[in-house]
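Report on the following structure.
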Amino acid sequence: MKRVQLVRDVNVLMAAALFTGAPLSAPAQGWKPERPVEIIVGCAPGCGPDNVARLMQRVFQVNRYFDPPITIQNKAGGMGAVVRTYLKQFEANGHYLYHGDQGVLSNQAMGRSVYSDLTPVAILFGEYIGIAVKADSPIKSGGDLIERLKKDPTAVNFGIATSLGNTNHQGVAGALKSTGIDIRKTRNVVFQSGALAITAMLGGHIDVVPVSVGSWEPHMNTGAVRVIAVSSAERLPGFFSGIPTWREQGANSVVFNWRAMFGPKGMTPAQVAYWENIFQRLMDTPEWKAEMVMRSGITKFMRAEPMKKYMEEDYAEVKALLIDLELAKK
(Lines give C-alpha, C1' and ligand atoms only; values in the text may rest on other atoms or scores of the structure.)
Protein backbone atom coordinates (compact mmCIF):
# COMPACT_ATOMS: atom_id res chain seq x y z
CA MET A 1 0.00 0.00 0.00
CA LYS A 2 1.03 3.59 -0.49
CA ARG A 3 1.05 4.10 3.25
CA VAL A 4 4.24 2.05 3.49
CA GLN A 5 6.01 4.59 1.29
CA LEU A 6 4.29 7.45 3.13
CA VAL A 7 5.74 6.31 6.44
CA ARG A 8 9.21 6.23 4.87
CA ASP A 9 8.74 9.60 3.18
CA VAL A 10 7.53 11.23 6.36
CA ASN A 11 10.71 10.24 8.16
CA VAL A 12 12.68 12.18 5.56
CA LEU A 13 10.39 15.18 5.93
CA MET A 14 10.66 15.07 9.69
CA ALA A 15 14.43 14.94 9.58
CA ALA A 16 14.47 18.00 7.36
CA ALA A 17 12.07 19.79 9.66
CA LEU A 18 14.10 18.98 12.74
CA PHE A 19 17.48 20.01 11.42
CA THR A 20 16.83 23.27 9.64
CA GLY A 21 19.69 25.01 11.39
CA ALA A 22 17.51 28.05 12.18
CA PRO A 23 17.34 29.32 15.78
CA LEU A 24 14.24 27.97 17.49
CA SER A 25 13.17 31.35 18.83
CA ALA A 26 13.58 33.43 15.68
CA PRO A 27 10.24 32.75 13.89
CA ALA A 28 8.17 33.27 17.02
CA GLN A 29 9.45 36.64 18.23
CA GLY A 30 6.30 38.42 17.09
CA TRP A 31 3.86 36.47 19.26
CA LYS A 32 3.62 34.73 22.63
CA PRO A 33 0.65 33.81 24.84
CA GLU A 34 -0.59 36.71 26.93
CA ARG A 35 -3.58 35.08 28.62
CA PRO A 36 -4.55 31.54 29.77
CA VAL A 37 -3.87 28.73 27.32
CA GLU A 38 -6.27 25.81 26.78
CA ILE A 39 -5.46 22.36 25.44
CA ILE A 40 -8.64 20.65 24.26
CA VAL A 41 -9.10 16.88 23.97
CA GLY A 42 -12.07 15.07 22.51
CA CYS A 43 -12.48 12.48 25.26
CA ALA A 44 -13.13 12.15 28.98
CA PRO A 45 -10.53 12.65 31.73
CA GLY A 46 -8.20 9.67 31.95
CA CYS A 47 -8.26 8.79 28.25
CA GLY A 48 -5.00 8.55 26.31
CA PRO A 49 -5.08 12.06 24.76
CA ASP A 50 -6.10 13.52 28.11
CA ASN A 51 -3.09 11.91 29.81
CA VAL A 52 -0.75 13.31 27.17
CA ALA A 53 -2.31 16.78 27.45
CA ARG A 54 -1.88 16.77 31.23
CA LEU A 55 1.76 15.77 30.80
CA MET A 56 2.19 18.83 28.57
CA GLN A 57 0.49 20.96 31.21
CA ARG A 58 2.88 19.75 33.93
CA VAL A 59 6.02 20.19 31.85
CA PHE A 60 5.04 23.64 30.58
CA GLN A 61 4.17 24.91 34.06
CA VAL A 62 7.02 23.36 36.05
CA ASN A 63 9.62 24.51 33.52
CA ARG A 64 7.99 27.93 32.94
CA TYR A 65 7.77 27.58 29.17
CA PHE A 66 5.47 30.60 29.27
CA ASP A 67 3.88 32.78 31.95
CA PRO A 68 0.09 32.39 31.56
CA PRO A 69 -1.59 29.36 33.17
CA ILE A 70 -2.64 26.36 31.09
CA THR A 71 -5.81 24.30 31.50
CA ILE A 72 -7.19 21.11 29.93
CA GLN A 73 -10.68 21.12 28.44
CA ASN A 74 -12.39 17.75 27.89
CA LYS A 75 -14.93 18.01 25.08
CA ALA A 76 -16.06 14.45 24.47
CA GLY A 77 -18.88 13.41 22.18
CA GLY A 78 -20.29 13.55 18.70
CA MET A 79 -17.31 11.88 16.99
CA GLY A 80 -15.32 15.08 17.56
CA ALA A 81 -18.24 17.42 16.84
CA VAL A 82 -18.14 18.89 20.35
CA VAL A 83 -14.46 19.82 19.92
CA ARG A 84 -15.08 21.33 16.49
CA THR A 85 -18.00 23.43 17.71
CA TYR A 86 -15.97 24.68 20.66
CA LEU A 87 -12.94 25.64 18.55
CA LYS A 88 -15.04 27.60 16.07
CA GLN A 89 -15.52 30.24 18.76
CA PHE A 90 -11.81 31.04 18.77
CA GLU A 91 -10.82 31.56 15.14
CA ALA A 92 -7.28 32.97 14.76
CA ASN A 93 -6.69 32.73 18.51
CA GLY A 94 -3.34 31.15 19.38
CA HIS A 95 -4.32 30.52 23.00
CA TYR A 96 -6.36 27.43 22.08
CA LEU A 97 -4.85 24.12 21.01
CA TYR A 98 -6.43 20.78 20.15
CA HIS A 99 -4.66 17.47 20.76
CA GLY A 100 -6.05 15.29 17.98
CA ASP A 101 -4.99 12.47 15.71
CA GLN A 102 -5.42 10.86 12.31
CA GLY A 103 -9.15 10.77 13.00
CA VAL A 104 -9.47 14.27 11.54
CA LEU A 105 -8.88 12.64 8.14
CA SER A 106 -11.45 9.86 8.53
CA ASN A 107 -13.99 12.40 9.84
CA GLN A 108 -13.55 14.46 6.69
CA ALA A 109 -13.74 11.41 4.43
CA MET A 110 -17.03 10.42 6.08
CA GLY A 111 -18.45 13.93 5.71
CA ARG A 112 -18.42 14.84 9.40
CA SER A 113 -16.05 17.79 9.14
CA VAL A 114 -13.28 19.38 7.07
CA TYR A 115 -9.79 19.53 8.47
CA SER A 116 -9.31 22.95 6.84
CA ASP A 117 -11.33 24.21 9.83
CA LEU A 118 -8.20 23.49 11.89
CA THR A 119 -4.71 24.96 11.74
CA PRO A 120 -2.03 22.24 11.73
CA VAL A 121 0.71 22.99 14.26
CA ALA A 122 2.84 19.85 14.68
CA ILE A 123 2.74 16.07 14.66
CA LEU A 124 4.23 14.86 17.93
CA PHE A 125 4.16 11.07 17.99
CA GLY A 126 2.21 8.06 16.91
CA GLU A 127 1.23 4.50 17.67
CA TYR A 128 0.88 1.37 15.61
CA ILE A 129 -2.09 -0.96 15.94
CA GLY A 130 -1.76 -4.37 17.56
CA ILE A 131 -4.31 -7.02 16.58
CA ALA A 132 -4.97 -9.59 19.30
CA VAL A 133 -7.05 -12.61 20.20
CA LYS A 134 -7.67 -14.39 23.47
CA ALA A 135 -4.83 -16.73 24.42
CA ASP A 136 -6.96 -19.85 23.89
CA SER A 137 -8.38 -18.65 20.56
CA PRO A 138 -8.18 -21.09 17.63
CA ILE A 139 -6.82 -18.17 15.58
CA LYS A 140 -3.05 -18.65 15.86
CA SER A 141 -1.69 -15.88 13.61
CA GLY A 142 -2.55 -13.04 11.31
CA GLY A 143 -2.20 -15.42 8.38
CA ASP A 144 -4.63 -17.81 10.05
CA LEU A 145 -7.15 -14.98 10.47
CA ILE A 146 -6.82 -14.06 6.81
CA GLU A 147 -7.39 -17.63 5.63
CA ARG A 148 -10.50 -18.00 7.78
CA LEU A 149 -11.99 -14.78 6.42
CA LYS A 150 -11.17 -15.69 2.83
CA LYS A 151 -13.42 -18.69 3.28
CA ASP A 152 -16.11 -16.75 5.14
CA PRO A 153 -15.82 -12.96 5.78
CA THR A 154 -18.39 -13.30 8.57
CA ALA A 155 -16.53 -16.06 10.45
CA VAL A 156 -15.00 -13.71 13.02
CA ASN A 157 -16.33 -10.71 14.95
CA PHE A 158 -14.13 -7.69 15.66
CA GLY A 159 -14.34 -5.31 18.61
CA ILE A 160 -13.70 -1.78 17.32
CA ALA A 161 -13.05 1.16 19.64
CA THR A 162 -14.38 3.77 19.32
CA SER A 163 -15.90 4.13 15.84
CA LEU A 164 -15.96 2.41 12.48
CA GLY A 165 -13.46 3.91 10.06
CA ASN A 166 -10.95 5.03 12.70
CA THR A 167 -7.34 3.87 12.88
CA ASN A 168 -8.16 0.82 14.99
CA HIS A 169 -10.61 -0.30 12.32
CA GLN A 170 -8.15 0.60 9.55
CA GLY A 171 -5.45 -1.43 11.32
CA VAL A 172 -7.27 -4.63 10.50
CA ALA A 173 -9.48 -3.67 7.52
CA GLY A 174 -6.55 -2.44 5.43
CA ALA A 175 -4.76 -5.76 5.84
CA LEU A 176 -7.84 -7.80 4.97
CA LYS A 177 -8.54 -5.65 1.92
CA SER A 178 -5.00 -6.15 0.62
CA THR A 179 -5.52 -9.92 0.58
CA GLY A 180 -8.78 -9.76 -1.37
CA ILE A 181 -11.26 -10.20 1.49
CA ASP A 182 -14.58 -8.38 1.09
CA ILE A 183 -14.26 -6.04 4.07
CA ARG A 184 -17.84 -4.87 3.67
CA LYS A 185 -19.00 -8.24 4.99
CA THR A 186 -16.89 -8.43 8.14
CA ARG A 187 -18.69 -8.36 11.48
CA ASN A 188 -17.83 -5.40 13.71
CA VAL A 189 -19.04 -4.41 17.17
CA VAL A 190 -18.29 -0.84 18.28
CA PHE A 191 -17.20 -0.14 21.87
CA GLN A 192 -16.84 3.19 23.66
CA SER A 193 -13.22 2.47 24.61
CA GLY A 194 -10.40 0.07 23.88
CA ALA A 195 -10.58 -1.18 27.46
CA LEU A 196 -14.22 -2.22 26.99
CA ALA A 197 -13.40 -4.00 23.73
CA ILE A 198 -10.55 -5.89 25.40
CA THR A 199 -12.79 -6.87 28.32
CA ALA A 200 -15.39 -8.22 25.91
CA MET A 201 -12.74 -10.28 24.12
CA LEU A 202 -11.36 -11.69 27.37
CA GLY A 203 -14.93 -12.63 28.29
CA GLY A 204 -15.32 -14.57 25.06
CA HIS A 205 -17.84 -12.20 23.46
CA ILE A 206 -15.53 -10.86 20.73
CA ASP A 207 -12.96 -12.77 18.68
CA VAL A 208 -10.43 -10.10 17.63
CA VAL A 209 -9.58 -6.60 18.87
CA PRO A 210 -7.31 -4.02 17.16
CA VAL A 211 -6.05 -1.24 19.45
CA SER A 212 -2.85 0.75 20.00
CA VAL A 213 -0.13 -1.83 20.50
CA GLY A 214 0.91 -0.47 23.90
CA SER A 215 -2.51 -1.43 25.30
CA TRP A 216 -1.59 -5.09 24.99
CA GLU A 217 1.54 -5.17 27.16
CA PRO A 218 -0.15 -5.85 30.54
CA HIS A 219 -2.33 -8.55 29.01
CA MET A 220 0.64 -10.15 27.29
CA ASN A 221 2.47 -10.19 30.61
CA THR A 222 -0.33 -12.19 32.19
CA GLY A 223 -0.60 -14.55 29.23
CA ALA A 224 -4.22 -13.59 28.61
CA VAL A 225 -3.86 -12.60 24.96
CA ARG A 226 -1.99 -13.45 21.80
CA VAL A 227 -1.06 -10.48 19.59
CA ILE A 228 -1.15 -11.91 16.07
CA ALA A 229 -0.06 -8.89 14.03
CA VAL A 230 1.14 -5.31 14.27
CA SER A 231 0.42 -2.61 11.69
CA SER A 232 4.00 -1.31 11.38
CA ALA A 233 6.20 -1.57 8.28
CA GLU A 234 8.88 -3.40 10.24
CA ARG A 235 8.90 -5.25 13.54
CA LEU A 236 8.78 -3.04 16.59
CA PRO A 237 11.75 -3.07 18.95
CA GLY A 238 11.97 -4.32 22.51
CA PHE A 239 8.96 -5.90 24.17
CA PHE A 240 6.99 -6.25 20.93
CA SER A 241 9.83 -7.57 18.75
CA GLY A 242 8.30 -11.05 18.64
CA ILE A 243 5.10 -9.89 16.95
CA PRO A 244 5.12 -10.25 13.15
CA THR A 245 3.89 -7.40 10.96
CA TRP A 246 1.00 -7.77 8.57
CA ARG A 247 3.48 -7.61 5.71
CA GLU A 248 5.31 -10.64 7.05
CA GLN A 249 2.01 -12.53 6.90
CA GLY A 250 1.06 -11.68 3.34
CA ALA A 251 -0.96 -8.49 3.90
CA ASN A 252 0.56 -5.31 2.46
CA SER A 253 -0.76 -2.84 5.02
CA VAL A 254 0.78 -0.23 7.32
CA VAL A 255 -1.34 1.95 9.62
CA PHE A 256 0.23 4.59 11.84
CA ASN A 257 -2.03 6.59 14.14
CA TRP A 258 -0.17 9.90 14.31
CA ARG A 259 -1.10 12.25 17.12
CA ALA A 260 -0.78 15.97 16.67
CA MET A 261 -1.52 19.49 17.81
CA PHE A 262 -3.92 21.74 15.95
CA GLY A 263 -5.21 25.23 16.52
CA PRO A 264 -8.40 27.00 15.47
CA LYS A 265 -8.80 28.06 11.88
CA GLY A 266 -6.90 31.21 10.93
CA MET A 267 -3.94 31.09 13.30
CA THR A 268 -1.12 33.37 12.14
CA PRO A 269 2.31 32.09 11.05
CA ALA A 270 3.85 33.68 14.17
CA GLN A 271 1.43 31.83 16.43
CA VAL A 272 2.11 28.53 14.68
CA ALA A 273 5.87 29.06 14.83
CA TYR A 274 5.73 29.79 18.54
CA TRP A 275 3.92 26.53 19.30
CA GLU A 276 6.09 24.51 16.91
CA ASN A 277 9.11 25.54 18.94
CA ILE A 278 7.40 24.86 22.27
CA PHE A 279 6.45 21.34 21.24
CA GLN A 280 9.87 20.61 19.80
CA ARG A 281 11.34 21.51 23.20
CA LEU A 282 8.85 19.15 24.84
CA MET A 283 10.10 16.22 22.75
CA ASP A 284 13.53 16.41 24.40
CA THR A 285 12.35 16.34 28.01
CA PRO A 286 12.79 13.26 30.25
CA GLU A 287 9.09 13.40 31.07
CA TRP A 288 8.11 13.08 27.41
CA LYS A 289 10.56 10.27 26.74
CA ALA A 290 9.25 8.35 29.76
CA GLU A 291 5.68 8.79 28.52
CA MET A 292 6.59 7.34 25.14
CA VAL A 293 8.20 4.31 26.76
CA MET A 294 5.19 3.78 28.99
CA ARG A 295 2.67 3.89 26.14
CA SER A 296 4.91 2.30 23.44
CA GLY A 297 4.58 5.49 21.43
CA ILE A 298 7.03 6.64 18.78
CA THR A 299 8.12 10.28 18.77
CA LYS A 300 7.93 11.60 15.20
CA PHE A 301 8.02 15.37 15.41
CA MET A 302 6.92 17.23 12.29
CA ARG A 303 6.41 20.97 11.85
CA ALA A 304 3.31 22.50 10.32
CA GLU A 305 4.31 22.73 6.66
CA PRO A 306 5.48 19.12 6.17
CA MET A 307 2.54 18.07 8.36
CA LYS A 308 0.11 19.64 5.88
CA LYS A 309 1.67 17.74 2.98
CA TYR A 310 1.63 14.49 4.93
CA MET A 311 -2.03 14.94 5.85
CA GLU A 312 -2.98 15.49 2.21
CA GLU A 313 -1.19 12.34 1.12
CA ASP A 314 -2.52 10.26 4.00
CA TYR A 315 -6.05 11.50 3.37
CA ALA A 316 -6.15 10.02 -0.12
CA GLU A 317 -5.39 6.55 1.18
CA VAL A 318 -7.69 6.81 4.20
CA LYS A 319 -10.59 7.87 2.00
CA ALA A 320 -9.98 5.03 -0.48
CA LEU A 321 -10.17 2.48 2.32
CA LEU A 322 -13.31 4.04 3.80
CA ILE A 323 -14.96 3.99 0.40
CA ASP A 324 -14.27 0.26 0.21
CA LEU A 325 -15.80 -0.10 3.68
CA GLU A 326 -18.85 1.83 2.39
CA LEU A 327 -18.27 4.43 5.10
CA ALA A 328 -17.44 7.23 2.64
CA LYS A 329 -18.70 8.29 -0.75
CA LYS A 330 -16.54 8.62 -3.87
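Which members of the stretch 164-187 meet the condition of being among the polar types (S, T, N, Q), over 18 Å from Asp144 (Cβ atoms) and either modelled with pLDDT of 95 or more or assigned to a helix (DSSP H, G or I) (or both)?
Thr167, Asn168, Gln170
Can you pull out every residue in the stretch 131-154 that is in contact with a Lys or Arg (Cβ under 8 Å, 6 or more places away or on another chain) and outside any loop (DSSP other than H, G, I, E, B)?
Ala132, Val133, Lys134
Take Val190 and tell me if it is of a type in the set (A, V, I, L, M, F, W, C) and either at pLDDT 95 or above or assigned to a loop (DSSP other than H, G, I, E, B) (or both).
Spelling it out, it is not the case that Val190 is of a type in the set (A, V, I, L, M, F, W, C) and either at pLDDT 95 or above or assigned to a loop (DSSP other than H, G, I, E, B) (or both).
Looking at Pro264, Pro269, Pro286, Pro218, which is the one that is at pLDDT 95 or above and under 25 Å from Leu202 (Cβ atoms)?
Pro218
For the list (1) within 30 Å of Ile181 (Cα to Cα); (2) in the same structural domain as Asn63 (by TED's automatic domain parsing); (3) of a type in the set (S, T, N, Q), I need the number of the one condition that Ser232 fails.
If we test Ser232 against (1) within 30 Å of Ile181 (Cα to Cα); (2) in the same structural domain as Asn63 (by TED's automatic domain parsing); (3) of a type in the set (S, T, N, Q), just (2) comes out false.
Are any of the residues in the stretch 269-292 under 21 Å from Ser141 (Cβ atoms) and not in a helix (DSSP H, G or I)?
Within the stretch 269-292 (the criterion being under 21 Å from Ser141 (Cβ atoms) and not in a helix (DSSP H, G or I)), the answer is no, since none of the residues qualifies.
Scan (1) under 21 Å from Val133 (Cβ atoms); (2) touching a residue at least 60 places away in the same chain (Cβ under 8 Å) for the single condition Ser241 breaks and write down its number.
Exception for Ser241: condition (2).
Kindly indicate whether any position in the stretch 241-251 is acidic (Asp, Glu) and touching a strand residue (DSSP E or B) at 6+ places or on another chain (Cβ under 7 Å).
No, every residue in the stretch 241-251 fails to be acidic (Asp, Glu) and touching a strand residue (DSSP E or B) at 6+ places or on another chain (Cβ under 7 Å).
If I filter the stretch 291-299 for residues that are under 21 Å from Val104 (Cβ atoms), of a type in the set (A, V, I, L, M, F, W, C) and touching a residue at least 24 places away in the same chain (Cβ under 8 Å), do I get at least one hit?
Yes, the stretch 291-299 contains a residue that is under 21 Å from Val104 (Cβ atoms), of a type in the set (A, V, I, L, M, F, W, C) and touching a residue at least 24 places away in the same chain (Cβ under 8 Å).
How do the helices (runs of 4 or more DSSP H) wholly within the stretch 20-130 filter down when requiring 1 or more residues that are of a type in the set (Lys, Arg), free of Cβ contacts under 8 Å to residues at least 24 places away in the same chain and surrounded by 15 or more Cβ atoms within 10 Å (Cβ to Cβ): which remain?
Because the criterion is at least 1 residues that are of a type in the set (Lys, Arg), free of Cβ contacts under 8 Å to residues at least 24 places away in the same chain and surrounded by 15 or more Cβ atoms within 10 Å (Cβ to Cβ), the helices (runs of 4 or more DSSP H) in the stretch 20-130 that meet it are 48-62.
Of all the residues that make up the stretch 219-234, how many are assigned to a loop (DSSP other than H, G, I, E, B) and either among the hydrophobic types (A, V, I, L, M, F, W, C) or in contact (Cβ under 8 Å) with a residue 12 or more places away in the chain (or both)?
5
Can you find a residue that is of a type in the set (Gly, Ala, Ser) and closer than 22 Å to Phe256 by Cβ anywhere in the stretch 199-209?
No - not one qualifying residue is present in the stretch 199-209.
May I ask you to say which residue of Ala17, Ala28, Ala22, Ala81 is touching a strand residue (DSSP E or B) at 6+ places or on another chain (Cβ under 7 Å) and at pLDDT below 90?
One residue alone meets the criteria, Ala17.
The values are calculated or read from the model by the stated rules, or taken from the named source; none is laboratory data. The model shown is predicted, which means the values in this text are computed figures rather than measured ones. Cβ atoms come from the backbone with ideal geometry, glycine included; neighbour counts cover every protein chain shown.
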